[in-house]
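The values are calculated or read from the model by the stated rules, or taken from the named source; none is laboratory data. Note that the structure is predicted; figures quoted are calculated from it, not measured. Ideal geometry is used to build each Cβ from the backbone, glycine not excepted, and the neighbour counts take in all protein chains shown. Remember, those area values only see protein heavy atoms, side chains included, never the ligands or the DNA or RNA. Shrake-Rupley method; radii C 1.70, N 1.55, O 1.52, S 1.80 Å.
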Amino acid sequence: MKDFYAQHKLKDLWCIRENGFQEDLQGIRETQFALGNGYWGARGVLEERPQGAEPGTFITGVYDRLTSQVSDLVNLPNPFFFKFILKGEKFGAAAMDIESHQRTLNMQDGLLLRRTIYRDVKNRRFDYQSLRFVSMENKNIGVMQIVLTPLDGDVEIEVQSGIDTSVFNKGGVHEGNKIHFNVQESDHEENVSYRLLETLEKRHKIIYRSGLYYKIGRKKTLADSSILRLKLKKRQSVIFTRIVNISSYAEIENIKKGKEDSRREFRKAFKVNFDSLLKSHAHAWNDLWKTADVTIGGTSDIQKNLRFNIYHMLICASNDAGLSSIGARTLSGEGYRGHIFWDAEIFLLPFYAYVFPEIAKNMLLYRHKRLDPARKIAKKQGYKGTMFPWESAETGEEETPTWAKDLDGRIIRIKTNELEHHITVDIAYACYQYALITGDNEFLKKAGYELIFSAARFWASRVSKNKQGKYEIRNVIGPDEFHEHVNNNAFTNVMAKWNLLTAHKLYTQLKIKDKKAGASLCSRMSLTEKEVALWKFIAARLVVKINKNNVIEQFDGFFRKRYIEIVNFDENGIPLLPKGVKVKDYNKTQFVKQADVLMMLYLLRDVYTDKVKESNYWFYVKRTLHKSSLSPAIHCLMALQAGSLSQAYQFFNIALRADISNLHGNTDEGIHAASLGGVWQCVVNGFAGVYYKKTHLCVDPFMPKTWGKIGCSLSWQNYILRLEVKNNEVRIRVEGKSRTKIKIEVFGRVRLIGKGKEHIFTRPKAGQQKHYYL
């Protein structure tokens, strides 16, 4: 039996495989095998849509709220629906006996492949093969090819295909399932299926066009209907090829022109043969991987799983001038309704800033375009400046639902939108980080300064002065969401302090370097010297509590909470709860949901000494339950700074396998975006030891010997750096247009490096690391 797509399944380090069909894993596989190109994404649902399947097709930035408590990322019609019927018997993973079944996600080329051998009620076998992709070269195009071969006799089959509009968004607490669109126009002419959809509230227009042709032998036939009947001889293959074009338009756009554009683009793609479409798509993926790939020598499973994480960051990355950003579950599922959290700026943005700076800038422009709603939120709460929503969607208004299920299944009221205010400084921090990595001063002038200064204005109005003349930030939720209504959360206070001081510094520098831009910004923001001076004054007096053991108190009274020792762990190293402790009582204990103080220490690595970092790591790691996918990666990074490679490696493996192994039990709702970015940071900023100081980049590896070496490409201030690092050796090649030498600190020594040749640096013998075998 011929494998039509064998050449796309050969590279094991680039392939994720499913062997055998398990109905209860269907939702997880749909997430893992998702395809996308940043404009739209599609879950890896089986073509025949078996019972229990959850098809999901999402266009970035297309949300709708009607019939929902808050906005949903709209689940649009499934363009990859296709099924065969043989005398009333449906070909399907759950409907017909399966002799063998394998699917392969080829991450190198962005392909999803399938081969299933079916056996019908008469014991006849059928070889079913498919290949599909969402084009990375033409962002509106999707392509699918299916091959069916009867192996044991002649048959007559019925084919049903088309645009499956029977999809919906799943309801949350107190909601039923929802359909967020109407089909306004539907047609099938000139061998092309056409649908015009409109979302119910926002009135986004979405146009689907699809065409199908098939070959038996050398004869090509255009399908003139969504239902076909064909006769096939024993071992005679029929090859179906389907092309789909999906385009979206805002309510204010010219839909007549949109129809013409989509018709022209579809016709152009439909005339191109399958192999050419596949080749151009694979070439676009090859260009991405030249920049994005991170290689780890000698670790096949880790290498493959790392690429899985990077792959999912590549398929959700959009560059649309700030119209959209990246949701907490990417474009691979409906988890968190597609909303955008701090995950985007703190966990994902570093990858894009170092690898695809334009994507990182787009994420920040998304926030800048929504400054006005953020100002309105702050004003409504009685504050100045900008207060960004905890959950954001299309408009920049607050989208956090009122009710949700807690870890124990209880329905609880959500207060993050009211109290988790650190989202505002997270965005300011991301602006500063992006500007430092890229050297993009134009971004600062057009958007970054305003985001950072508006955030500082918010914090200056958010603080309150106590009797001792100190400033406090009271009644908040920190990253540790187990404890609500706390005062002086360390993460919030220290990050706010950083925001105030950084805004003051940038304002002072701007006045000197570019008086015209500074004057324009001050005029636009009504910013005065007196207000900026107040930022520095407040920052110097913001409360941060640290005890004699160098441990920073997570919030006022945390040290007085009940300490319960964590003694048992699951097979992945995740803590198991002591018996008798209920979820509703976590707030009475020192249990921490995820990195809080440690998160702050990681982001501001040059503020506190190594001794403080080490003390806080060992204090808080004993209290953290890691009930968030955000937590393991940060603990890996902080374990390295605390000098514990073994703990870092343990937490890295948890983060690395978050979705490939469904460690959090909810991968079916979509990929955990924050964990993707966290894993990349673990490898590059952690084990490879790449980090920045105020003026330059640093490289100081700390990695297991079994890894051999780490290779990656990074963008740094208009240069491209090709790095190959070992524990005691660093190789750097600098590429770029400028002839100016670049300052890089390697093994604690600052060097000036020119472009054009490979520079090799060896760790001084006095600092040579011991080899760690893990």
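Using DSSP to define loop residues, name the trypsin sites (Lys or Arg not before Pro) in region 535-574 whose beta-carbon has at most 16 other beta-carbon atoms within 10 Å. Before the final figure, lay out the partial values.
On the way: sites: Lys536, Arg541, Lys545, Lys548, Arg560, Lys561, Arg562; in loops: Arg541, Lys545, Lys548, Lys561.
Here the trypsin sites (Lys or Arg not before Pro) that fit, given the DSSP loop and packing criteria, are Arg541, Lys545, Lys548.
Calculate I(q)/I(0) for region 482-542 by the Debye formula, one identical point scatterer on each C-alpha and no solvent, and give its log10 at q = 0.18 Å⁻¹ to two decimals. Normalising to I(0) and taking log10 leaves -0.68. Taking the longest Cα principal axis of the chain as reference, the axis of helix 631-641 is set at about 50 degrees. The calculated FRET efficiency for the pair Thr762 and Ile566, based on their C-beta separation and a Förster distance of 25 Å, comes to about 0.05.
For region 408-485, the spread of Cα coordinates along the three principal axes comes to 47, 41, 16 Å, biggest extent given first. All Cα-Cα distances of region 501-619, cut into 5 Å bins from zero to the largest, leave 2, 8, 14, 15, 12, 12, 10, 8, 7, 5, 5, 2, 0 percent in each bin in turn.
Model label sites at Glu185 and Glu358, defined 7 Å from Cα along the beta-carbon direction, differ in position by 3.1 nm. Note on region 244-332: Kirkwood radius taken over Cα pairs, Stokes-Einstein applied at 10 °C and 1.306 mPa s, translational D equal to 97 µm² s⁻¹.
Label positions at Lys511 and Leu151, each projected 7 Å from the Cα along the C-beta direction, are separated by 7.9 nm.
Loop-located trypsin sites (Lys or Arg not before Pro) in region 32-96 (DSSP state not H, G, I, E or B) with no more than 13 neighbouring Cβ atoms inside 10 Å: Lys87.
Pop out the carbon and sulfur fraction of the accessible area of region 563-615 as a percent, whole number, probe 1.4 Å. Each step should come with its number before you reach the end.
Values: 1320 of 2730 Å².
Carbon and sulfur: 49 percent of the exposed surface of region 563-615.
Once the piece of chain linking Lys380 and Cys698 is laid out straight, how much longer is it, given 0.36 nm per residue of separation minus the C-alpha distance between them?
On the way: separation 318, 0.36 × 318 = 114.48 nm, distance 4.33 nm.
Fully extending the segment from Lys380 to Cys698 adds 110.2 nm.
Whole-percent P(r), region 448-572, all Cα pairs, 5 Å bins from 0: 2, 10, 18, 18, 15, 11, 9, 7, 5, 3, 2, 1, 0.
Kindly state, to the nearest 0.05, the FRET efficiency for Val121 paired with Ser280, given R0 = 41 Å and r defined as their beta-carbon distance.
Working: r = 43 Å, r/R0 = 1.04.
E(calc), rounded to 0.05, equals 0.45.
Label zone of Asn19 (point 7 Å out along Cα→Cβ, amide N under 18 Å): in region 653-672 this covers 661.
For the chain, the 222 nm mean residue ellipticity estimated from helices alone, with every DSSP H stretch of n ≥ 4 adding -39500 (n - 2.57) and the total spread over all residues, rounds to -8500 deg cm²/dmol.
Hey, what's the Cα Rg ratio for region 198-283 versus the globular rule of thumb, 2.2 N^0.38 Å? Kindly include the intermediate steps, with their values, before the conclusion.
Numbers: Rg = 16.9 Å, N = 86, 2.2 N^0.38 = 12.0 Å.
Compared with the compact-globule rule of thumb, region 198-283 sits at 1.41.
Once divided by 2.2 N^0.38 Å, the Cα radius of gyration of region 1-66 becomes 1.37.
Count the net charge of all other residues whose Cβ sits under 10 Å from the Cβ of Arg474, scoring Lys and Arg as +1 and Asp and Glu as -1. Mind showing how you got there, number by number?
On the way: positive: Arg462; negative: Glu472, Asp556.
Summing Lys/Arg as +1 and Asp/Glu as -1 gives -1.
Both radii are taken from the alpha-carbon atoms of region 549-589; with Rh as the Kirkwood radius, Rg/Rh is 1.03.
Rolling a 1.4 Å probe across all protein chains gives Tyr649 an accessible area of roughly 40 Å². Sorted into 5 angstrom bins from 0, the C-alpha pair distances of region 283-427 split as 2, 9, 16, 19, 17, 13, 10, 7, 4, 2, 0, 0 percent. Shown for region 690-766: the carbon plus sulfur share of the solvent-accessible area, taken with all protein chains present and a 1.4 angstrom probe, equals 48%. Rounded to the nearest whole Hz, the Karplus-based 3J(HN,Hα) values (6.51 cos²θ - 1.76 cosθ + 1.60, θ = phi - 60°) of region 150-157 follow the sequence x, 9, 10, x, 6, 9, 10, 10, with x at glycine and proline. Here the 3J(HN,Hα) profile of region 302-309, calculated from phi with Karplus coefficients 6.51, -1.76 and 1.60 at θ = phi - 60°, is 5, 4, 5, 5, 5, 5, 4, 5 Hz, Gly and Pro shown as x.
If you stretched the chain out fully between Arg733 and Lys90, how much longer would it get, using 0.36 nm times the residue separation minus the C-alpha to C-alpha distance?
Working: separation 643, 0.36 × 643 = 231.48 nm, distance 5.71 nm.
Length gained between Arg733 and Lys90: 225.8 nm.
On average, how much area does the Cα convex hull of region 628-705 cover when viewed from any direction, in nm²? Mean projected area of the Cα convex hull: 5.5 nm².
Take 746-755, 711-720, 408-417 and order them by the average number of nearby Cβ atoms within 10 Å per residue, most first; the result is 711-720, 746-755, 408-417.
Once neighbouring chains are kept in place and the probe is 1.4 Å, which whole percent of the accessible area of region 36-91 is contributed by carbon and sulfur? For region 36-91, the apolar C and S fraction of the accessible surface comes to 51 percent. I'd like the distance separating the alpha-carbon centroids of region 327-372 and region 642-704, in whole Å. If we compute the Cα centre of each part, the gap is 18 Å.
Each principal axis of the Cα cloud of region 37-94 was evaluated for its coordinate range; sorted largest first, these ranges are 44, 28, 14 Å. Lysine pair count for region 317-422 with Cα-Cα distance under 28 Å and sequence separation of 8 or more or different chains is 15.
Compute the semi-axes of the equivalent ellipsoid of region 607-746, taking the square root of 5 times each eigenvalue of the Cα gyration tensor, and list them largest first in whole Å. List each step's numbers first, then the result.
Details: eigenvalues 163, 72, 39 Å².
That gives 29, 19, 14 Å for the three semi-axes.
For region 116-243, the Cα gyration tensor yields ellipsoid semi-axes of 33, 19, 14 Å (square root of five times each eigenvalue, largest first, whole Å). Treating r as the C-beta distance of Glu201 and Arg229 and R0 as 56 Å, the FRET efficiency rounds to 0.85. Across region 690-695, computed HN-Hα scalar couplings (Karplus, 6.51 cos²θ - 1.76 cosθ + 1.60, θ = phi - 60°) run 8, 8, 10, 9, 5, 10 Hz from first to last residue, x flagging Gly and Pro. The distance linking region 556-599 with region 460-514 is 26 Å (Cα centroid to Cα centroid, whole angstrom).
Taking the DSSP bridge list for the chain and keeping only pairs wholly inside it, about 95 percent are antiparallel. For the chain, the longest principal axis of the alpha carbon atoms and the long axis of helix 371-380 meet at an angle near 60°. Annotation: per residue accessible area for the chain equals 40 Å², rounded to a whole number [probe 1.4 Å, protein chains only].
Taking Lys and Arg as +1 and Asp and Glu as -1, the other residues whose beta-carbon sits under 14 Å from that of Asn568 total -1.
Three principal axis extents describe the C-alpha atoms of the chain; from largest down they are 88, 65, 59 Å.
Taking Cα atoms of region 59-185, Rg/Rh with Kirkwood Rh, to two decimals? List each step's numbers first, then the result.
Details: Rg = 18.3 Å, Rh = 17.4 Å.
Value, to two decimals: 1.05.
Could you pull out the GluC sites (Glu not before Pro) across region 533-630 that fall in loop regions by DSSP (anything but H, G, I, E, B) with no more than 15 other Cβ atoms inside 10 Å? Don't skip to the answer; put the middle values down first.
Values: sites: Glu553, Glu565, Glu571, Glu614; in loops: Glu553, Glu565, Glu571.
Here the sparse-neighbourhood loop sites are Glu565, Glu571.
Distance between the pseudo-spin-label points of Lys2 and His174 (7 Å out from Cα toward the beta carbon): 6.0 nm. Based on the Stokes-Einstein relation at 37 °C and a viscosity of 0.692 mPa s, and on the Kirkwood radius from alpha carbon pairs, region 596-661 is assigned a translational diffusion coefficient of 277 µm²/s.
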